[in-house]
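Asks: Starting off with a structure, shown below.
Rule-based calculations on the coordinates, nothing more; no lab input. The model shown is predicted, which means the values in this text are computed figures rather than measured ones. When we count neighbours, we look across all protein chains shown, and the Cβ atoms used for this are built from the backbone with ideal geometry, even at glycine.
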Amino acid sequence: MLSISSSLTEDSLKRKPKRKKRKNNFQHLCCVFLSPSIMNSCQVCAEPTKNNCSNCNQVSYCSVQHQKQDWKSHKPNCHPYKIAHNEVLGRHLVATRNIKPYEIILKEAPLVRGPAQISAPVCMGCLNSIEPTDHIECEQCGWPLCGPECKSLDEHRAECKLTKDRGQKVNVQEFQGPHPLYTCVSTVRCLLLGETNAANAKKFSDLESLESTRRGSSQWKADLTSIGQFIPKFFKTQKFSEEEIMRTVGALQINGHEVPTSDPPHVAVFYVASFTENSCLPNLAKSFNKHGHCILWAPQAIKKNSHLSICYSDAIWGTSDRQRHLMQTKLFKCACLRCQDPTELGTNYSAIKCEDRKCSGLMLPTKADDWHGGWQCKECGKQVPKQYVEGILERAGQDIQSMEKTIENGFKYLKHYERWLPSQHFHMSEIKILLVQIIAKDQQELMVVSDERLQLKLKFARELVELYETITPCEVRTLGTLCFELHSAIAENTRRIALETTLSPTEMLNESLMYVDKCVNYLQYESDIFVEGHILKQAKINRDALRMVMRIC
Ligand SMILES: [Zn+2]
Ligand SMILES: [Zn+2]
Ligand SMILES: [Zn+2]
Ligand SMILES: [Zn+2]
Ligand SMILES: [Zn+2]
Ligand SMILES: [Zn+2]
C-alpha cells in the first residue's frame with residue numbers, strides 16, 4: 001500500500017548534515033567550445049579564435065590551456081548574463097546564452113542588511129525578534145542582542161560605534177510593536193558602510209536612489225522627520241548631511257529586498273540583483289539560502305538575449321494591488337505584459353462579476369491601464385463607478401483578514417462571495433489555497449477525510465496549479481506547495497479507488513509522480529530553515545517511494 005505523507009516528519013525537521021562544498025574548478029571547461037560564428041581574440045594571447053567560454057559566452061580562448069590559465073581571473077565574471085544599459089530601463093540584465101530550466105543565474109551576498117524600517121525590537125546581530133525576558137544588551141552601546149553569540153557579528157559595528165560616540169547607551173524597554181528607534185538603523189548601516197566595508201560602500205553608492213522623484217512626497221516627508229533629522233539629533237553627530245541621509249534612505253527603499261531568513265524578515269540590499277528589472281510575469285525566481293544570500297534562478301528555459309526579470313511586488317496579488325504597491329515603494333507604474341492585459345492572460349484574476357445578475361459577463365476597468373477609474377461589463381457593456389468595485393473588494397479583503405482560518409469558514413467565504421467574484425478571483429484563490437492546505441493537512445487526516453472533501457482538495461489544487469503556472473510561473477514557493485498537496489491528494493484518491501476496483505492505478509500514480517517531481521523542481525533551492533524546505537525534503541522521500549511502487553506495479 002502507498003504511504004504518501006503530507007506531514008512533516010520528525011526526521012524532516014532535523015538539520016541536514018553539512019555537505020562538503022564542491023570545488024568549482026574546470027567543471028564546465030570540458031564543454032567550453034561552442035560553435036560561434038564571429039571571430040574574436042583570445043583573452044590570453046589575442047590570437048583570433050571562434051571559441052567562446054560556454055558558461056558566459058562573453059570571452060574567447062584559442063585553447064583549453066589558455067582558458068585554464070585565465071580561469072582564476074575570469075571566474076568572478078563568468079555568468080550567463082551581462083549588465084546592459086538603455087534610456088528607458090537604465091541598467092538591466094540580459095541573458096548571454098540560452099538558459100536551461102532550473103539554472104542558477106546569480107548567487108549573491110548582501111552589501112548591507114538591517115532591520116526593516118518599521119520593526120519591533122530585534123537582535124542587532126541576527127535580526128531575529130527579541131524575547132523581552134531573555135536577552136542581553138551590548139555593553140558598549142546598549143542595543144539589545146539575543147545572546148553573546150550575536151555580539152561579535154560584524155554588522156552591528158556601525159550603530160555600535162555611532163551610539164558609543166554619542167556618549168549615552170540606548171535604552172530599549174518596549175518590545176511589543178514597532179519601535180521608533182529602529183526606523184533609522186538600516187540607514188545608519190548604509191551610511192557607515194565605508195567604515196565597515198569599503199568595497200560594498202562603493203557599490204552601494206552606485207545604486208539608484210530616485211531622490212529627486214521622492215523629494216516632497218508624503219513618504220519622503222515622514223522619512224525626513226523619522227530618519228533625516230532624527231539621526232543627527234539622536235546620535236549628536238554632524239557626520240552626515242541631510243541630503244546624504246535622504247539619498248541613502250531612498251537607495252535603501254528602492255533597492256531593498258525583504259529577506260525572510262530572520263523572524264521578522266529583515267531588509268537587505270544586493271548589488272547585481274538590483275539591476276534585474278521588474279515584471280509581474282518574471283522569468284526568474286528569487287530564493288534565499290539560510291545565510292540570507294539571494295539566489296536568482298530560472299524555473300523555465302530562457303532564450304539568449306532575453307531581459308532577466310523578477311517581481312518587485314507580490315505576483316500573487318491582483319493587478320491593481322501590485323501597481324499601487326510598486327508606485328508607493330518603487331515609484332514607477334509597471335507596464336509589464338501582465339499589467340498591460342486586464343484579463344491577466346485570460347485568467348480574469350482581478351475581474352468581478354457583472355452588476356446585472358441576469359448577465360453572466362465579467363467586469364474589468366473601462367480603460368485597460370486605469371484600475372482606479374470606472375469598470376465595465378465585457379458582455380453587456382454595463383458600467384459601474386470605481387466606488388462600487390472598491391466597496392466589494394475592500395469587504396472581501398477585510399473578511400479574509402478577520403476570518404478565523406477554518407475549513408468551514410473557508411467554504412462559507414467562497415459561498416458568500418461567489419455572487420460578486422468569479423471563481424479564479426485573487427480573493428477566492430487565496431481562500432482556496434488555504435483550503436487546499438488545511439483540508440487533510442497530514443497523512444492521518446488524509447486517510448480518513450471524507451470523499452467529498454478529498455475531491456474538493458483535488459479540484460482546488462488542480463485549478464490553482466493551472467492558474468498560477470499561467471500568471472506566476474516563477475512564484476515557486478506557492479506552486480511547489482500546491483504541487484505537493486496535489487500529489488498527495490492524488491495518491492490518496494488512487495489508494496481509495498484501488499481498494500474498490502481492480503483497475504490499474506498506474507496512470508493515476510504517474511500523475512501523482514508528475515506533481516511531486518514538479519514540487520521538487522519548484523522548491524529545490526529552498527533552505528531547510530523554511531517550511532518549504534521541509535516540504536522539499538518530504539517530497540523527495542515521497543517521490544522515491546512512488547518511483548519504487550511504479551516499478552513494482
Ligand atoms: Zn590564446
Ligand atoms: Zn565564462
Ligand atoms: Zn541574535
Ligand atoms: Zn554595540
Ligand atoms: Zn506588472
Ligand atoms: Zn453584463
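Asks: State the extension gain, in nm to one decimal, for the chain segment bounded by Ile407 and Ser217, taking 0.36 nm per residue of separation less the distance between their alpha-carbons.
Replies: Extra length available between Ile407 and Ser217 comes to 64.1 nm.
Asks: Once you have the Cα-Cα distance between Met550 and Asp314, take 0.36 nm times their residue separation minus that, and quote the gain in nm to one decimal.
Replies: Separation in residues times 0.36 nm, less the Cα-Cα distance, equals 81.1 nm.
Asks: Hey, what do the phi angles of region 218-225 turn into as Karplus ³J(HN,Hα) couplings, whole Hz, using 6.51/-1.76/1.60 and θ = phi - 60°, x for Gly and Pro?
Replies: Coupling constants for region 218-225: 5, 4, 4, 5, 5, 5, 4, 6 Hz.
Asks: Can you tell which of Cys78, His66, Gln117 lies farthest toward the positive end of the dipole of region 59-120, using +1 and -1 charges on the Cβ of basic and acidic side chains (Lys, Arg; Asp, Glu)?
Replies: Going by the charge dipole, the pick is His66.
Asks: Which entries of Lys459/Lys518; Lys303/Lys540; Lys412/Lys537 show an alpha-carbon separation above 24 angstrom in the structure shown?
Replies: Among Lys459/Lys518; Lys303/Lys540; Lys412/Lys537, the Cα-Cα distance tops 24 Å for Lys303/Lys540; Lys412/Lys537.
Asks: What is the chain's relative contact order, in percent, from Cα pairs under 8 angstrom and six or more apart in sequence?
Replies: With pairs under 8 Å counted, the relative contact order is 14 percent.
Asks: Let me know the charge dipole size of the chain about its Cα centre in debye, to the nearest 20, where only the beta-carbon of Lys, Arg (+1) and Asp, Glu (-1) is charged.
Replies: 1480 debye
Asks: Okay, next question. Rounding to the nearest 20 debye, state how big the charge dipole of region 76-182 is about its Cα centre with +1 on each Lys and Arg Cβ and -1 on each Asp and Glu Cβ.
Replies: 580 debye
Asks: Label Thr506 and Glu242 with points 7 Å out from Cα along Cα→Cβ: what is the distance between them in nm?
Replies: Computed distance between label sites Thr506 and Glu242 equals 7.7 nm.
Asks: Let me ask something else. How do the peptides 97-103, 487-493, 165-171, 190-196 rank, highest first, by the average count of neighbouring beta carbon atoms within 10 Å per residue?
Replies: 487-493, 190-196, 97-103, 165-171
Asks: For region 331-460, what does the relative contact order come out to in percent, with C-alpha contacts under 8 Å and a separation of six or more?
Replies: After rounding, I find 19 percent.
Asks: Between beta-carbons, use under 14 Å as the cut-off and find the net charge around Arg419, counting Lys and Arg +1, Asp and Glu -1.
Replies: Overall, the nearby charge balance is +2.
Asks: Based on C-alpha coordinates, I'd like the Rg and Dmax of region 297-388, in Å.
Replies: Spelled out, the Cα radius of gyration and Dmax of region 297-388 are 15.5, 50 Å.
Asks: Rounded to the nearest whole Å³, what is the per residue volume of the convex hull around the Cα atoms of region 343-473?
Replies: Roughly 115 Å³ of hull volume per residue.
Asks: I would also like to ask the following. Taking only pairs that are 8 or more places apart or on different chains, how many Lys pairs in region 194-261 have Cα atoms under 23 angstrom apart?
Replies: So the count works out to 5.
Asks: First check a/c for region 158-238, with a ≥ b ≥ c the square roots of the eigenvalues of its C-alpha gyration tensor; if it is under 1.5, answer rounded, and if not, answer prolate when a/b is larger than b/c or oblate otherwise.
Replies: oblate
Asks: For region 218-335, what is the per residue volume of the convex hull drawn over the alpha-carbon atoms, in cubic angstrom?
Replies: Dividing the Cα hull volume of region 218-335 by its residue count gives 148 Å³.
Asks: Then there's this: Note the full-extension length gain between Phe175 and Glu379 as 0.36 nm times their separation in residues minus their Cα-Cα distance, in nm to one decimal.
Replies: Gain on extension, Phe175 to Glu379, equals 68.0 nm.
Asks: Right, here's the next one. Take the alpha carbon gyration tensor of region 407-553, find the square roots of its eigenvalues, order them as a ≥ b ≥ c, and report rounded if a/c is under 1.5; if not, report prolate when a/b exceeds b/c, else oblate.
Replies: oblate
Asks: A follow-up question, please. If Lys and Arg each add +1 and Asp and Glu each add -1, what is the summed charge of the other residues whose beta carbon sits under 9 Å from the beta carbon of Ile99?
Replies: +3
Asks: So the label point goes 7 Å from the Cα of Thr225 along Cα→C-beta, right? Which residues of region 165-193 then have their backbone N under 14 Å from it?
Replies: Taking a point 7 Å out along Cα→Cβ of Thr225, the residues of region 165-193 whose backbone N falls under 14 Å are 180.
Asks: How do 346-352, 410-416 rank on mean C-beta neighbours within 10 Å, highest first?
Replies: The peptides rank, most packed first, as 346-352, 410-416.
Asks: What number results when the radius of gyration of region 65-115, computed over Cα atoms, is divided by 2.2 N^0.38 Å?
Replies: 1.51
Asks: What translational D, rounded to a whole number of µm²/s, comes out for the chain from Stokes-Einstein when the hydrodynamic radius is the Kirkwood one over Cα pairs, at 20 °C and 1.002 mPa s?
Replies: The diffusion coefficient I find is 80 µm²/s.
Asks: Based on the Cα atoms of region 460-515, what semi-axes does the equivalent ellipsoid have, where each is the square root of 5 times one gyration tensor eigenvalue, given in whole Å with the largest first?
Replies: 26, 9, 8
Asks: For region 222-350, what relative contact order do you get, as a whole percent, if you take Cα pairs closer than 8 Å and at least 6 residues apart?
Replies: 18 percent
Asks: Considering only the chain, what is the antiparallel percent among its DSSP beta bridges, to the nearest 5?
Replies: Bridges in the chain are about 95 percent antiparallel.
Asks: Using the crude model of +1 on Lys and Arg Cβ and -1 on Asp and Glu Cβ, and no other charge, please compute the dipole size for region 433-528 relative to its Cα centre, in debye to 20.
Replies: 120 debye
Asks: Bins of 10 Å, beginning at zero and ending with the bin holding the largest distance: percent of Cα pairs per bin for region 32-170, please.
Replies: Values per bin, smallest distances first: 10, 25, 17, 15, 18, 12, 3.
Asks: Around Met550, under 15 Å between beta carbons, what's the net of Lys plus Arg minus Asp minus Glu among the other residues?
Replies: Its environment carries a net charge of 0.
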